[in-house]
Amino acid sequence: MIRTHQLSRLYPMGDSVVRALDGVDLFIGRGEFVSVTGPSGSGKSTLMHLLGCLERPTSGTYEFEGRLVHRMTDRQLAAIRNRDIGFVFQTFNLINRTSALDNVAVPLIYGRKRNARAAARSALEKVGLGNRVRHNPGELSGGERQRVAIARAIVNNPGLIFADEPTGNLDSQTGEQIIDVFHSLHAGGVTIVLVTHEMEVAMQAQRIIRMKDGRIVEDRVMDDALRGELRQLGEQASGAATLGSRVG
Ligand code: ADP
Ligand code: MG
């Protein structure tokens, strides 16, 4: 589904240059559930933006289902984004004074699709919000808002979903419910790429990619040994955070 070769994104900053992504070779097959993890600033979001056709690389190649994305026009990129890819972000990016139903129908209205409302209702039912279609975002909990955002991401039935820190604004129990939604989409055949710096979330995937300084430093299939390592890393990180907050 996804194949990159030496994918790079540089940002000029005054006299120097930030290598946000620095020569990434990556293959992701149809039906995979992959998490991308790594410290803040390691290039996770940049990778997601490139793979999601939101941005073009500075150099390197990107093939999406055999099509050469790095050579596409803006219009071609937009067509792939609308048809084949769904996005979920940390901040839910919903329209406030509009019902859950209309929020979910937005991508369909842009696409001039008929039966937009029926498709939006069905997407909300898939994420367990069939009983909240008339609610505005302000009348929903954080977890429910994120589920509306997921319904919006899947309303066009894309084969691929990118989620960038989707549990970042949620407590851990609500976060687990969101991950369950991704599991059920995955079971339905959708390819999932989940960006997170939380180890407990990352280890839910079948494969984990670790990034540092714009490069992939580890790419492994999830197994019990790896789960053990990640749990330890997670505990160290939360220990450090507790220490940090005591000192701070
Ligand atoms: P992550 O998502 O892992 O926290 P990002 O992909 O957002 O990391 O950023 C990777 C690096 O690229 C960081 O050092 C960041 O400051 C830099 N960067 C990202 N976007 C831009 C931009 N638009 N302009 C300049 N630097 C950027
Ligand atoms: Mg990020």
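What to note about this one:
- For the stretch 1-78, diffusion coefficient by Stokes-Einstein and Kirkwood Rh (Cα), 10 °C, 1.306 mPa s, µm²/s: 121 µm²/s
- For the chain, alpha-carbon Rg over 2.2 N^0.38 Å: 1.03
- Each Lys and Arg contributes +1 and each Asp and Glu -1, all at the Cβ; summed about the Cα centre of the chain, the dipole is approximately 1120 debye.
- Candidates Ser45, Ser16, Ser141: whichever shows maximal mean-square fluctuation once the chain is modelled as a Gaussian network with Cα springs under 10 Å: Ser16
- Calculated FRET value between Glu63 and Ser40, using beta carbons and R₀ = 41 Å, to 0.05: 0.90
- Euclidean distance of C-alpha centroids, the stretch 110-167 and the stretch 19-55, integer Å: 24 Å
- Potential extension, Asp213-Arg134 segment - 0.36 nm per residue separation minus Cα distance: 24.0 nm
- In this calculation the C-beta distance from Ala187 to Glu235 is compared with R0 = 30 Å, giving a FRET efficiency of 0.55.
- Fraction of accessible area attributable to carbon and sulfur, the stretch 2-228 (%, probe 1.4 Å): 46 percent
- For the chain, calculated [θ]222 nm from helices alone, where every DSSP H run of n ≥ 4 adds -39500 (n - 2.57): -12500 deg cm²/dmol
- Base-10 log of normalised Debye intensity for the stretch 161-226 (one unit scatterer per alpha-carbon) at q = 0.14, 0.19 Å⁻¹: -0.42, -0.78
- Two numbers describe the Cα atoms of the stretch 67-143: Rg and Dmax, which are 14.5, 44 Å.
- Compared with the alpha-carbon gap, the fully stretched path from Arg71 to Val221 is longer by 50.9 nm at 0.36 nm per residue.
The values are calculated or read from the model by the stated rules, or taken from the named source; none is laboratory data. Quantities reported herein were computed from a predicted structural model and do not represent experimental measurements. Note: ideal-geometry Cβ built from the backbone for every residue, glycine included; neighbour counts use all protein chains shown. Ligands, DNA and RNA are stripped out before the accessible areas are found, and what is left, the full protein with its side chains, is counted by its heavy atoms. Shrake-Rupley method; radii C 1.70, N 1.55, O 1.52, S 1.80 Å.
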